[in-house]
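Q: Please see the structure below; I have some questions.
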Amino acid sequence: MNERVNKFTAVIMLGFICIFSAAMLLGGKESFSVDENRELTEMPEVSASSLINGSFTEQLSRYAADHFPAREKLIAIDSRIQAELSEKIVNGVFVSGERLLDTGAADRPDTEKSAEAINSFNDSYNGAVYFVCVPTSAGVYSETLPPYMQKNTESRQISSLYSNLSADIRKIDAYNILKMLNDSYIFYRSDSKWTSYGAYCVYRTVIQKLGFSPTAYDKYTIDHVENDFRGDLYHRSGYAGVKADIMDIYRCKGDTNVISCTGRDERGNIYKRHLFDKAELDSSYKYNMYLGKPLPLVKVKTNVNNQRKLLVITDSFGSCFVQFLTQHYSEITVVMPSEIKGSVRNMVDPGKFDQTLFLFGIDSMSDSSIFEKLN
């Protein structure tokens, strides 16, 4: 009797293995995972060297893992199980009832070297330098995290950074502005970055420091262009239990003041860009809708007739911030050092601008290699 049961079990298991193997080999293959925002492993080529050194087996294992039938559903189920069993932390992402939060703030390197590079830029620059350090969602909603993750908070990190910057750099406090408004929709639920409304709330203070009156909220028409955005924290965790996000575009009523938007890479190639690239809403990372996929330099020209030009040196936090600056400057040049291999000065001459605005998330400030490119 036991022998028959064992044979029957073996046949069933063999059947399952054959079915899954056939599904994996014959089913349609995706080359990119939208949910994880990464390229999937391709089928490795067989060669004598890869068989001898074991790399073929290793690549085949990764291929099998990446193309396992119903893989994305299994990842989602696994993420939910991990969130319940491991203090609600999945791949460094904390899962709360309403949002996902990055747990890496306490482990970030010191920002002192980044501050030194910015001070060096300021020393060689004749114009006025303004600096905005933006917290991530984990900084604004830090009380949601477990107590042991709240020791080296983003508030302390930003304060330390500002204390290391030169006295003549105009420092603008974004943290307390956002902290006071944390009951509003200022950060995405599944991404570490701010929403357009969060950017607008900080813009009102920044633009006054730059010498202009802010555009009133009721002067904007707000377009909800996406209601199913899932951001970087979702891609890391695979956790879909948090409500999808809404993406907005702010336009001044009756005003179409952007004349042109062009991008440039380090080779000097010019690309036509858009302030809002709606084609990116069909991509793996919809946040790139703001200014399009990152380029080293983007120049926005407007019909504002004041001959005022602003240099913005930023990371991805600046992408949706630029929409609010177009009411005040005839030209805005946006530079992203993270997209540049050489020096920022090979892309743009800061001396041609009377004002330079640095706008970075605190997570970028811990990467000093970004700021070494300034000089």
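Q: Do you know which of the residues in the stretch 230-267 that are of a type in the set (Gly, Ala, Ser) and part of a strand (DSSP E or B) is surrounded by the fewest Cβ atoms within 10 Å (Cβ to Cβ)?
A: Filtering the stretch 230-267 for residues that are of a type in the set (Gly, Ala, Ser) and part of a strand (DSSP E or B), the one surrounded by the fewest Cβ atoms within 10 Å (Cβ to Cβ) comes out as SER260.
Q: Please tell me if HIS274 is within 30 Å of LEU101 (Cβ to Cβ), surrounded by 14 or more Cβ atoms within 10 Å (Cβ to Cβ) and assigned by TED's automatic domain parsing to the domain that holds PHE187. Give the steps one after another, and end with the answer.
A: Numbers: within 30 Å of LEU101 (Cβ to Cβ): no; surrounded by 14 or more Cβ atoms within 10 Å (Cβ to Cβ): yes; assigned by TED's automatic domain parsing to the domain that holds PHE187: yes.
In short, no.
Q: If you go through the stretch 153-173 one residue at a time, do you hit one that is among the charged types (D, E, K, R), more than 20 Å from the chain's Cα centre (by Cα) and within 27 Å of ASN288 (Cα to Cα)? Walk me through how you get there before you give the answer.
A: Pass one, the stretch 153-173, residues among the charged types (D, E, K, R): 154, 156, 168, 170-171, 173.
Now narrow it down to the ones that are more than 20 Å from the chain's Cα centre (by Cα): 156, 168, 170-171, 173.
If we keep only those that are within 27 Å of ASN288 (Cα to Cα) as well, we get 173.
Checking the stretch 153-173: at least one residue is among the charged types (D, E, K, R), more than 20 Å from the chain's Cα centre (by Cα) and within 27 Å of ASN288 (Cα to Cα).
Q: Give all pairs with beta carbons closer than 7 Å in which a residue from the stretch 157-184 that is in the same structural domain as TYR197 (by TED's automatic domain parsing) and over 18 Å from THR136 (Cβ atoms) meets a residue that is of a type in the set (A, V, I, L, M) and in a helix (DSSP H, G or I); count only pairs at least 6 apart in sequence or on separate chains.
A: That search, which allows pairs on different chains as well, returns ASN164/ALA115; LEU165/ALA115; LEU165/ILE118.
Q: If you don't mind, there's one more thing I want to ask. Assess whether SER192 counts as being polar (S, T, N, Q), out of contact with any Pro (no Cβ under 7 Å at 6 or more places or on another chain) and closer than 21 Å to SER316 by Cβ. Before you say what the answer is, go through the steps one by one.
A: Working: polar (S, T, N, Q): yes; out of contact with any Pro (no Cβ under 7 Å at 6 or more places or on another chain): yes; closer than 21 Å to SER316 by Cβ: yes.
Taking the combined requirement at face value, the residue satisfies it.
Q: Filter the stretch 283-340 for residues that are outside any loop (DSSP other than H, G, I, E, B) and among the basic types (Lys, Arg) and give the result.
A: Applying the first criterion (outside any loop (DSSP other than H, G, I, E, B)) to the stretch 283-340 yields 286-290, 297-302, 309-314, 316-318, 322-325, 331-335, 337-339.
Hits for the stretch 283-340 are LYS286, LYS299, LYS301, LYS309.
Q: While we're looking at this one, here's another question. Looking at the stretch 287-297, which of the residues that are over 17 Å from ILE340 (Cβ atoms) and touching a helix residue (DSSP H, G or I) at 6+ places or on another chain (Cβ under 6 Å) is surrounded by the most Cβ atoms within 10 Å (Cβ to Cβ)?
A: Just the residues of the stretch 287-297 that are over 17 Å from ILE340 (Cβ atoms), to begin with: 287-290.
Next cut, touching a helix residue (DSSP H, G or I) at 6+ places or on another chain (Cβ under 6 Å) only: 288-289.
Values: ASN288: 17, MET289: 25.
This residue is MET289.
Q: Of all residues being without any contact (Cβ under 8 Å) to a residue 12 or more places away in the chain and in a loop (DSSP other than H, G, I, E, B) in the stretch 268-282, which is farthest from LYS373 (Cα to Cα)? Just the residue, please.
A: ASN269
Residue-by-condition table, conditions (1) under 30 Å from GLU112 (Cβ atoms); (2) in contact (Cβ under 8 Å) with a residue 40 or more places away in the chain; (3) within 16 Å of the chain's Cα centre (by Cα):
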| site | (1), (2), (3) |
| --- | --- |
| LYS293 | no, no, yes |
| GLN323 | no, yes, no |
| HIS328 | no, yes, no |
| ASN346 | yes, yes, no |
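Q: Something else about it: Within the stretch 115-149, can you find the residues that are within 21 Å of ASP354 (Cα to Cα), in a helix (DSSP H, G or I) and hydroxyl-bearing (Ser, Thr, Tyr)?
A: Across the stretch 115-149, the qualifying residue is only SER120.
Q: On the given criteria, is ASP315 surrounded by 17 or more Cβ atoms within 10 Å (Cβ to Cβ) and either under 30 Å from THR103 (Cα atoms) or not assigned by TED's automatic domain parsing to the domain that holds ARG204 (or both)? Walk me through how you get there before you give the answer.
A: Numbers: surrounded by 17 or more Cβ atoms within 10 Å (Cβ to Cβ): yes; either under 30 Å from THR103 (Cα atoms) or not assigned by TED's automatic domain parsing to the domain that holds ARG204 (or both): yes.
Spelling it out, ASP315 is indeed surrounded by 17 or more Cβ atoms within 10 Å (Cβ to Cβ) and either under 30 Å from THR103 (Cα atoms) or not assigned by TED's automatic domain parsing to the domain that holds ARG204 (or both).
Q: So how many residues does the stretch 142-168 have that are out of contact with any helix residue (DSSP H, G or I) (no Cβ under 9 Å at 6 or more places or on another chain) and modelled with pLDDT under 95? Let's see the steps before the verdict.
A: Narrowing the stretch 142-168 to residues out of contact with any helix residue (DSSP H, G or I) (no Cβ under 9 Å at 6 or more places or on another chain): 143, 146-147, 156, 167.
If we keep only those that are modelled with pLDDT under 95 too, we end up with 143, 146-147, 156.
Qualifying residue count for the region: 4.
Q: If I ask for residues that are out of contact with any Cys (no Cβ under 9 Å at 6 or more places or on another chain) and of a type in the set (Phe, Trp, Tyr), which ones from the stretch 149-199 would you list?
A: Across the stretch 149-199, the qualifying residues are TYR185, PHE187, TYR188, TYR197.
The values are calculated or read from the model by the stated rules, or taken from the named source; none is laboratory data. Keep in mind that what you see is a predicted model, and the values were worked out from it rather than measured. Ideal geometry is used to build each Cβ from the backbone, glycine not excepted, and the neighbour counts take in all protein chains shown.
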